[in-house]
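As structure tokens, the structure follows; a few thoughts come after it.
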Amino acid sequence: MNAVWPMVHAERAALIDDLTHLTDDQWALPSLCGDWTVHDVAAHLINNAKTTRLGIVRNMVRARFDFDRQNAQGVERERGATPQQTLARLQQVANYTSTPPAPLDSRLVEEVVHGEDIRRPLGINRMYPSEAVVRSLQYQARTPVSLGGAKQLIAPVRLRATDADVSIGDGPEVCGPALSLLLAMSGRKSALGDLDGPGVPALE
């Protein structure tokens, strides 16, 4: 636990720094995360940072136990009237240590994957700490799809990172940068172009 929070806080700080330099038009660009814009993803990260074990239960009740609706309501609640308001709110929660009833590594996955949801469409490159990406990759690999992971998705293949000492699973190989493996197994199809190997069609 003590190792994860500093990494989460570092990712929040790095994203805040990148968002500080955006124009309003850039905030309105589509992200890699479904129908959400860059602005929407930033609001979602605010909601994530403020989520508590009791709070998520209340929010799920309000959303009639629809996870997508609960996320959409969180974005609507935390999205400021302007990008500057949203950025200020993100700065306020940057060092929070609130968490839903989920393993703490899930907080790191949220920051890394959603960070790329924002950065890639904007052409912003970040050199993530290897430990942050590898921990996120390993968490997604062991977590069921029903809980936001990719365990069943990657079951038929073997993942091998070309820039880290990570190999997961058995079967036709999928190889590439650890970050791209993480994004692909998290449903970001644009990352598939970074990957090679006979197992790639299984992820598609």
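The values are calculated or read from the model by the stated rules, or taken from the named source; none is laboratory data. All values reported here derive from a predicted model rather than from experimental measurement. Glycine gets a Cβ as well: all are built from the backbone with ideal geometry, and neighbour counts include every protein chain shown.
Run down L22, L45 and say which single residue is in the same structural domain as L90 (by TED's automatic domain parsing), modelled with pLDDT of 75 or more and assigned to a loop (DSSP other than H, G, I, E, B). Explain how you work it out, then say what you get.
Working: L45 fails: assigned to a loop (DSSP other than H, G, I, E, B).
So the residue among L22, L45 that is in the same structural domain as L90 (by TED's automatic domain parsing), modelled with pLDDT of 75 or more and assigned to a loop (DSSP other than H, G, I, E, B) is L22.
Yes/no matrix, rows are residues, columns are (1) more than 22 Å from D40 (Cβ to Cβ); (2) of a type outside the set (V, I, T); (3) assigned to a loop (DSSP other than H, G, I, E, B); (4) in contact with a His (Cβ under 6 Å, 6 or more places away or on another chain):
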residue: G115; (1), (2), (3), (4): no, yes, no, no
residue: R126; (1), (2), (3), (4): no, yes, yes, no
residue: L137; (1), (2), (3), (4): yes, yes, no, no
residue: S146; (1), (2), (3), (4): yes, yes, no, no
residue: A155; (1), (2), (3), (4): yes, yes, yes, no
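Does D17 satisfy being at pLDDT 90 or above, over 16 Å from the mean Cα position of the chain (by Cα), part of a helix (DSSP H, G or I) and under 28 Å from L137 (Cα atoms)?
Values: at pLDDT 90 or above: yes; over 16 Å from the mean Cα position of the chain (by Cα): yes; part of a helix (DSSP H, G or I): yes; under 28 Å from L137 (Cα atoms): yes.
Answer is yes for this residue.
Exactly one of these conditions fails for A141: (1) among the aliphatic types (A, V, I, L, M); (2) out of contact with any Lys or Arg (no Cβ under 7 Å at 6 or more places or on another chain); (3) more than 17 Å from E11 (Cα to Cα). Give me its number.
So A141 meets the others, but not (2).
With respect to A81, determine if the residue is part of a helix (DSSP H, G or I) and either at positive phi or free of Cβ contacts under 8 Å to residues at least 12 places away in the same chain (or both). Write out each step before concluding.
Details: part of a helix (DSSP H, G or I): no; either at positive phi or free of Cβ contacts under 8 Å to residues at least 12 places away in the same chain (or both): yes.
The answer is no for A81.
Of the numbered conditions (1) part of a helix (DSSP H, G or I); (2) more than 15 Å from the chain's Cα centre (by Cα); (3) not acidic (D, E), L108 satisfies every one except a single condition; which is it?
Looking at each condition in turn, L108 falls short on (2).
Starting from the stretch 162-185, take each residue that is assigned by TED's automatic domain parsing to the domain that holds P198 and in contact (Cβ under 8 Å) with a residue 60 or more places away in the chain and list its partners that are of a type in the set (G, A, S) and part of a helix (DSSP H, G or I), counting only C-beta distances under 7 angstrom and pairs at least six apart or across chains.
Close Cβ pairs satisfying both conditions: L182/S136; L183/A191.
Here is a check on your reading of the model: is A102 over 17 Å from A28 (Cβ atoms), assigned to a loop (DSSP other than H, G, I, E, B) and either touching a Pro at 6+ places or on another chain (Cβ under 9 Å) or hydrophobic (A, V, I, L, M, F, W, C) (or both)? Steps first, please.
On the way: over 17 Å from A28 (Cβ atoms): yes; assigned to a loop (DSSP other than H, G, I, E, B): yes; either touching a Pro at 6+ places or on another chain (Cβ under 9 Å) or hydrophobic (A, V, I, L, M, F, W, C) (or both): yes.
Judged against the criteria, A102 is a match.
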